[in-house]
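Quick notes on the structure that follows.
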Amino acid sequence: YYFGITIGGNSSRFHTHFHPQFLLQDSVEIAEPLNSGGASLGLSANLRISDRFILRFNPQLYFLERSIAYKVKYPDPAAYDKTELIKKVESVTMSFPLQVKFQSDRIGNFRVYALGGFKADIDMASNARAKRAEQLVKIEKNDIGPEFGIGFNFFFPTFIFSPEIKISNGIRNIHARDENLRFSNVFDKIQSRMISFTIHLEG
């Protein structure tokens with residue numbers, strides 16, 4: 001077994017499903033998720049099962065900002081009478097992924113690997129219970145989902161340098177829907193989507 005640190009960046013967004021109420025109302029005409037960038041920092045613990053398989057626990061702290069662009073029929077006085085608005089949902093998420101790596105033979109100081117696993121997320125900045133939420137899209141605290149990726153090992157005398165790209169999809173509906181919230185009630189279901197590029201430094 002061996003340990004390491006993880007640093008990275010990501011592009012995340014919401015995957016949304018509209019509520020039937022969206023088609024019945026005339027206040028919000030468009031509600032479209034946008035891609036937003038973020039960063040992450042974490043640790044990794046690796047257990048070698050065989051020459052081909054590695055079990056990895058890779059807890060990370062993600063700083064995310066996911067946005068939704070709205071077009072409203074009537075100008076919003078709270079946004080200086082604009083008809084086009086962007087609502088940002090900021091998250092500080094602790095992610096606990098458990099992954100299995102399938103690796104190739106080592107060719108000199110290089111090796112390629114694929115990975116798959118499952119993660120559990122806790123959003124420590126969740127606004128699901130916010131009281132003054134008229135302008136918010138409420139998001140639940142917990143999420144789970146699968147992860148898949150590919151990476152490369154570069155071996156140096158004292159450490160392993162491993163760039164990696166990974167896709168993570170949340171499978172829970174993280175939308176805390178409230179019919180009284182103008183920008184939230186248009187959605188029935190919201191799920192998380194993320195593509196992350198990370199660098200692992202392992203000893």
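What follows is calculated from the coordinates using simple rules that are stated; it is not laboratory data. A quick note: this is a predicted structure, and the numbers were derived from the prediction, not measured. Note that we place each Cβ from the backbone using ideal geometry, even for glycine, and neighbour counts take in every protein chain shown.
What to note about this one:
- HN-Hα J in Hz across region 9-17 - Karplus 6.51, -1.76, 1.60, θ = phi - 60°, x for Gly and Pro: x, 8, 10, 10, 7, 8, 10, 10, 10
- Filtered trypsin sites (Lys or Arg not before Pro), region 17-103: DSSP coil and at most 12 other beta carbons within 10 Å: Arg52
- Model label points for Ser50 and Thr83, set 7 angstrom from Cα along the Cα-to-Cβ axis, are 6.3 nm apart.
- Annotation: amide H of Phe14 within the under-5 Å range of Leu34, Ser67, sequence separation 5 or more or interchain, hydrogens built in the peptide plane.
- Projected label points at Leu201 and Asp188, each 7 Å from Cα along the beta carbon direction, are separated by 4.8 nanometres.
- Listed residue pairs exceeding 20 Å between alpha carbons, taken from Lys88/Lys189; Lys87/Lys141; Lys71/Lys141: Lys71/Lys141
- For the pair Arg172 and Phe156, label points projected 7 Å from Cα toward Cβ lie 3.8 nm apart.
- The simple Förster model, with R0 at 25 Å and r as the Cβ-Cβ distance, assigns Ile5 and Asn142 a FRET efficiency of 0.45.
- For Arg111, distant residues with modelled amide H under 5 Å away: Asn153
- Partners of Lys101 within straight-line reach, counting lysines whose Cα lies under 17 Å from its Cα and excluding those fewer than 8 residues away in the same chain: Lys119, Lys166.
- Per-residue Karplus couplings for region 177-182, computed as 6.51 cos²θ - 1.76 cosθ + 1.60 with θ equal to phi - 60°, are listed in order as 5, 9, 5, 8, 9, 4 Hz, Gly and Pro entered as x.
- Length released on extending from Leu43 to Asn109, taking residue separation times 0.36 nm less the Cα-Cα span: 21.4 nm
- Alpha-carbon Rg/Rh ratio, for the chain, with Rh computed the Kirkwood way: 1.09
- Derived scalar couplings ³J(HN,Hα) [region 115-125; Karplus, 6.51 cos²θ - 1.76 cosθ + 1.60; whole Hz; x for Gly, Pro]: 9, x, x, 9, 10, 10, 10, 10, 8, 7, 10
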